[in-house]
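The values are calculated or read from the model by the stated rules, or taken from the named source; none is laboratory data. All values derive from a computational prediction rather than experimental measurement. With ideal geometry, Cβ positions are generated from the backbone for all residues, glycine too; neighbour counts draw on all protein chains shown.
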There are 2 protein chains.
Amino acid sequence: MTSSSHFQRVLSPVVTPFDESGAPSAERFIRHCRALLSHDVGLAVFGTNSEANSLSVGEKRGLLDALLAAGLPATRMMPGTGACALPDTIELTRHAVASGCAGVLMLPPFYYKNVSDEGLFRAYSRVIDAVGDTRLKVYLYHIPPVAQVGLSLSLVERLLKAYPGTIAGIKDSSGDWSNTSALIAEFAAAGFEVFAGSETFLLRTLEAGGAGCITATGNVNAAAIAQLARDWRAVDAPAQQRRLDETRAVFQRFPMIAAMKAAIAWQSGDAGWAALRAPLVELDATQRARLESALTALGFRLPHAEQLALHAGALH
Amino acid sequence: MTSSSHFQRVLSPVVTPFDESGAPSAERFIRHCRALLSHDVGLAVFGTNSEANSLSVGEKRGLLDALLAAGLPATRMMPGTGACALPDTIELTRHAVASGCAGVLMLPPFYYKNVSDEGLFRAYSRVIDAVGDTRLKVYLYHIPPVAQVGLSLSLVERLLKAYPGTIAGIKDSSGDWSNTSALIAEFAAAGFEVFAGSETFLLRTLEAGGAGCITATGNVNAAAIAQLARDWRAVDAPAQQRRLDETRAVFQRFPMIAAMKAAIAWQSGDAGWAALRAPLVELDATQRARLESALTALGFRLPHAEQLALHAGALH
């Protein structure tokens with residue numbers, strides 16, 4: 001982590017729990033976020049793994065307000081604010097900045113495909129200019145496998161030149177180490193924080209001079225991932241990395257978001273955690289059994305299971 | 001057109017004009033919509049060509065309200081209401097139904113890729129159940145080249161069985177005639193209205209028993225497309241189809257939305273029409289010159305140029 005970083009080395013794109021009516025469950029969300037913080041994991045709320053683009057602007061504002069009302073520190077939050085429609089991105093970004101969030105993670109508009117770098121530059125410019133606040137720190141969000149609209153190195157360079165005090169870093173979820181390492185080589189020396197999109201790249205990212213990772217499995221394996229982020233120069237760091245990879249590999253055998261929620265529901269005893277919003281669907285019974293069996297074989301234990309349990313007696 | 005159709009055979013996904021501040025220009029929008037209606041073209045406002053996913057829910061509600069306040073008939077409107085977030089889809093759909101719109105054109109949630117038919121079925125179900133209004137007529141919107149999330153024939157069949165009075169038709173923008181013809185063969189006899197996503201398929205669609213087309217170039221070539229939709233059994237229908245294809249081919253040499261707006265700006269003398277919202281960008285001067293030259297060679301004339309001119313003297 002560079003000394004200028006606003007964040008810890010590991011952030012979790014926090015999964016969003018729902019209640020029986022299908023609305024976001026602020027109570028479950030607060031418990032989960034508080035637990036992640038206790039494991040030294042920052043809160044990249046409203047990311048891809050948060051089903052953030054399945055939430056309305058109002059639902060996202062409400063959840064952020066609920067976290068702050070519960071006393072969670074905005075200085076450890078990097079909410080996702082990028083939407084298809086720039087007015088939505090502007091509203092969410094303004095709200096995050098006004099709330100004191102240390103940064104925002106910003107998808108490009110993603111409905112139209114094969115758009116130009118000029119168009120993407122204008123989109124980011126429009127938001128930054130409209131927010132017009134020196135406190136704004138933008139972390140670009142590059143996730144071509146899902147958004148299908150990526151951010152080229154030349155676009156990053158142009159944005160950094162135009163907004164040197166505002167463009168703070170990037171989350172690279174391309175899964176392409178050559179892209180992540182190029183971002184670090186090109187821009188990290190100037191203080192630009194490069195976060196890998198998976199802990200699979202955590203050790204390599206830190207060794208190369210990157211900032212850390214923002215990773216789905218931060219939701220379920222927070223303590224161990226944060227441990228490697230602290231120990232990355234230690235002799236057992238490669239062994240820690242291998243163990244992280246083994247756990248991640250289990251979750252990756254399934255639809256990732258559904259699998260993480262199923263694991264949380266299982267370990268916390270709170271079955272309500274398993275719900276997703278359409279178009280995503282929960283694991284079926286066979287998948288759940290396979291997931292639980294594979295995690296048991298690894299000796300996996302959700303580090304904050306007790307903090308999530310709605311009733312003490314529900315834990316098994 | 002089947003006798004049960006709520007719409008004329010040709011609808012335009014109406015391009016959305018902006019004003020100098022970047023906000024939607026209701027004045028230009030009303031003029032354009034009124035002119036399209038005068039050419040017997042229905043109003044599929046808030047489609048892909050409308051930059052609808054670059055507009056907030058509030059902006060779309062405002063534009064629809066402005067059309068109705070100007071006296072345009074909701075019975076000829078099929079607003080796009082599908083968004084990534086189901087609460088947004090529900091809000092826009094409720095508003096369209098309450099406003100008396102004859103139908104809505106509904107994208108599936110499109111952020112997550114490779115989602116299951118079960119997840120898409122749940123998404124449509126959730127919206128239909130939440131709106132809970134027998135007046136609701138849903139036209140499914142299949143546009144895999146852009147949304148990257150398509151609607152399979154088996155999903156269409158399942159939705160039709162579950163909501164026979166509500167699922168009214170589909171716009172097929174796959175560009176794949178084998179898919180359009182399969183939709184017609186499977187479902188048109190039961191009154192399901194299949195609209196091709198381009199006038200390139202208009203004659204074939206009508207001959208096969210489909211409902212018509214919802215096509216971008218309806219914005220700029222409305223009169224001629226509507227003419228073929230009336231004359232499709234006439235001896236010169238294939239010749240009309242070829243002329244439509246020639247005009248479309250010119251627009252397709254450029255980014256389509258930018259090219260249509262440039263043509264409208266050029267022919268109406270209202271330069272403000274050329275503006276797009278990021279991430280889309282307007283044609284550059286070279287592209288504009290090439291477009292104007294190609295259209296001039298075809299003898300192209302925007303049928304409603306005079307209706308769009310802000311000042312009579314501005315027309316050339």
key: Selection status of residue A:305, of a type in the set (Gly, Ala, Ser) and closer than 20 Å to residue A:197 by Cβ   = no
Residue B:276: passes all of (1) more than 26 Å from residue B:213 (Cβ to Cβ); (2) surrounded by 12 or more Cβ atoms within 10 Å (Cβ to Cβ); (3) not acidic (Asp, Glu) but (1)
Checked against (1) within 14 Å of chain A (Cβ to nearest Cβ); (2) charged (D, E, K, R); (3) surrounded by fewer than 23 Cβ atoms within 10 Å (Cβ to Cβ), residue B:76 satisfies every condition except (1)
- Selection status of residue B:120, surrounded by 19 or more Cβ atoms within 10 Å (Cβ to Cβ), in a helix (DSSP H, G or I) and free of Cβ contacts under 8 Å to residues at least 60 places away in the same chain: yes
- If we scan region A:87-94, do we find a residue that is within 14 Å of chain B (Cβ to nearest Cβ), touching a helix residue (DSSP H, G or I) at 6+ places or on another chain (Cβ under 7 Å), of a type in the set (Asp, Glu) and closer than 17 Å to residue A:141 by Cβ? yes
All-but-one check, residue A:122 against (1) under 24 Å from residue B:89 (Cα atoms); (2) within 8 Å of another protein chain (Cβ to nearest Cβ), failing number (1)
Being in contact with an Asp or Glu (Cβ under 7 Å, 6 or more places away or on another chain) and farther than 24 Å from residue B:280 by Cβ narrows A:190, A:211 down to just A:211
So the helices (runs of 4 or more DSSP H) completely within region A:241-316 holding 3 or more residues that are without any contact (Cβ under 8 Å) to a residue 60 or more places away in the chain are A:256-268, A:285-297
Of A:127, A:104, the only residue that is within 14 Å of chain B (Cβ to nearest Cβ), closer than 29 Å to residue B:147 by Cβ and hydrophobic (A, V, I, L, M, F, W, C) is A:127
Checked region A:62-73 for anything surrounded by 17 or more Cβ atoms within 10 Å (Cβ to Cβ) and closer than 26 Å to residue B:127 by Cα; matches are A:63, A:64
Taking region B:33-61 and the residues there that are surrounded by fewer than 24 Cβ atoms within 10 Å (Cβ to Cβ) and away from chain A (no Cβ under 12 Å), the one that is nearest to residue A:127 (Cα to Cα) would be B:61
inquiry  = Can you confirm whether residue B:110 is buried (at least 22 other Cβ atoms within 10 Å of the Cβ), more than 14 Å from chain A (Cβ to nearest Cβ) and either within 17 Å of the chain's Cα centre (by Cα) or modelled with pLDDT of 95 or more (or both)?
reply    = no
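Residues are listed down the side, and each one gets a yes or a no for (1) within 14 Å of chain B (Cβ to nearest Cβ); (2) touching a residue at least 40 places away in the same chain (Cβ under 8 Å):
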{"position": "A:149", "(1), (2)": "yes, yes"}
{"position": "A:165", "(1), (2)": "no, no"}
{"position": "A:176", "(1), (2)": "no, no"}
{"position": "A:185", "(1), (2)": "no, no"}
{"position": "A:205", "(1), (2)": "no, no"}
{"position": "A:222", "(1), (2)": "no, yes"}
Note on residue B:137: of the conditions (1) within 14 Å of chain A (Cβ to nearest Cβ); (2) touching a residue at least 60 places away in the same chain (Cβ under 8 Å); (3) charged (D, E, K, R), unmet is (1)
